[in-house]
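Coordinate-derived values only; no laboratory data. This one's a predicted model, so the numbers in the text were calculated from it and none came from an experiment. Cβ coordinates were reconstructed from backbone atoms using ideal geometry, including for glycine residues, and neighbour counts include every protein chain displayed.
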Amino acid sequence: MTKFIKRLLPAALALALAGCAAMPQDAPTSRYKVALIAKSTGPEFWNAVFTGAQAAATEYNIELTVTAPDNEENFEGQNALIEDAVADGAKAIIFSAIDYEANAAAIDAAAQAGVVIINIDSQVNSGHVAAYIGVDNYGAGRMAAQSALDGVPGQLNVGMINYEVNGANGRDRAAGAKDAFEQSGRAKIVATAQTHPNADDARRDALEMLRDHPEINVLIALNEPSGVGTARAVHQMQRSDDLWLVAFDSNLETVDALQNGAVDALVVQNSYSMGYFGVQSAYRLLAGQGSSVDTDNVASAAVITRDNMFAMDNQRELFLFE
């Protein structure tokens with residue numbers, strides 16, 4: 001056995017040396033360190049983002065950290081996480097802004113420290129963003145409104161449940177929906193609520209709106225937690241049959257509500273792709289390859305209703321969180 005091992009050693013050494021010789025001379029000696037800083041970790045939307053990001057990190061040999069503040073209103077917490085990522089040596093930050101303006105200075109400082117910035121989902125007011133991967137939120141708002149215009153005949157009395165005062169997503173989705181309703185000539189926004197981004201507060205605010213404005217026959221809830229809470233309110237008020245609810249994104253509860261009638265349409269985004277292509281873009285930019293993501297394809301939104309929810313492509317969109 002000893003003689004056999006001795007005979008193998010020169011061959012093994014030769015193979016090892018051949019492998020070293022075949023390695024590209026410019027190959028990095030260490031993995032790129034990348035930080036993904038999200039808005040929160042609770043909604044299924046973010047779980048799908050994280051799954052996509054981890055898949056790309058494995059594929060591109062990225063050392064990925066994933067963090068988020070304790071809630072989707074804590075922009076100060078996000079700013080602290082940006083500073084922590086820079087101090088920890090992150091070469092790139094993949095970032096979704098809670099506050100379009102209040103997160104900008106921290107992102108600018110990170111970029112000035114040499115960190116590559118990739119923006120996903122929700123934009124930040126910084127000129128240092130190297131790539132943005134996310135849907136056209138104004139267009140998604142118009143899609144939400146159009147689904148109600150297509151689904152409800154006659155006059156539309158609309159209530160809007162928004163979720164972030166200073167974030168780009170809620171602002172742009174609301175603007176798109178309002179413009180579409182105004183241009184239709186048969187819709188009136190009778191009430192708006194600026195709720196906290198969690199299902200309990202959204203349910204409370206939607207209940208109050210429906211009690212104060214029983215004439216409402218359309219509700220638009222502009223993100224996943226507000227959609228969950230608003231669907232609960234519609235069910236509690238027994239308004240599933242005479243009210244059209246459009247919600248954003250999907251999870252088990254809203255998909256079930258789509259089947260039972262509390263929700264009539266879901267505007268869904270491919271959140272897995274946002275995570276995957278965010279990390280891929282970080283790798284390409286750090287490797288000097290540039291970012292060539294076709295955001296029209298990887299981050300487009302789709303409207304899913306009870307009529308089309310069982311189509312194969314829509315099933316994949318609805319159940320990204322699995």
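Dipole magnitude for the range 163-221: about 160 debye, using +1 per Lys or Arg Cβ and -1 per Asp or Glu Cβ, origin at the Cα centre. Given the alpha-carbon gyration tensor of the chain, what are the semi-axes of its equivalent ellipsoid in whole angstrom, ordered largest first, with each equal to the square root of 5 times an eigenvalue? Equivalent-ellipsoid dimensions as semi-axes: 45, 22, 16 Å. Mean projected area of the convex hull spanned by the Cα atoms of the range 68-119, taken over all viewing directions: 3.1 nm². Normalised size of the range 173-233, defined as Cα radius of gyration per 2.2 N^0.38 Å with N residues, equals 1.11.
Kirkwood radius for the range 113-203, taken over all pairs of different Cα atoms as the inverse mean of 1/r, rounds to 14.7 Å.
With contributions of -39500 (n - 2.57) from each DSSP H run of at least four residues, the per-residue ellipticity at 222 nm computed over the chain stands at -15000 deg cm²/dmol.
At q = 0.11, 0.15, 0.17, 0.22 Å⁻¹ the log10 of I(q)/I(0) for the range 53-192 amounts to -0.51, -0.79, -0.91, -1.26, computed by Debye summation with a single uniform scatterer per C-alpha, solvent ignored. Each Lys and Arg adds +1 at its Cβ and each Asp and Glu adds -1 at its Cβ; summed about the Cα centre, the range 172-270 shows a dipole of about 180 debye. When only the Cβ of Lys, Arg, Asp and Glu is charged (+1, +1, -1, -1), the dipole of the chain relative to its Cα centre reaches about 1280 debye.
With q set to 0.11, 0.19 Å⁻¹, the log10 of I(q)/I(0) for the range 201-303, from the Debye formula over equal scatterers at the Cα positions, is -0.44, -0.83. Taking a sphere under 13 Å around the Cβ of residue 121 and counting the other residues whose Cβ falls inside, with K and R at +1 and D and E at -1, yields a net charge of -4.
May I ask for the Rg/Rh ratio of the range 46-89, computed from Cα atoms with Rh as the Kirkwood radius, given to two decimals? For the range 46-89, the value is 1.03. Extending 7 Å from Cα along the Cβ direction at residue 108 and again at residue 179 yields two label points whose distance is 2.7 nm. With each label modelled as a point 7 angstrom along the Cα→C-beta vector, the residue 204-residue 259 pair spans 3.1 nm.
Summarising the strand pairing of the chain, around 15 percent of its internal DSSP beta bridges are antiparallel.
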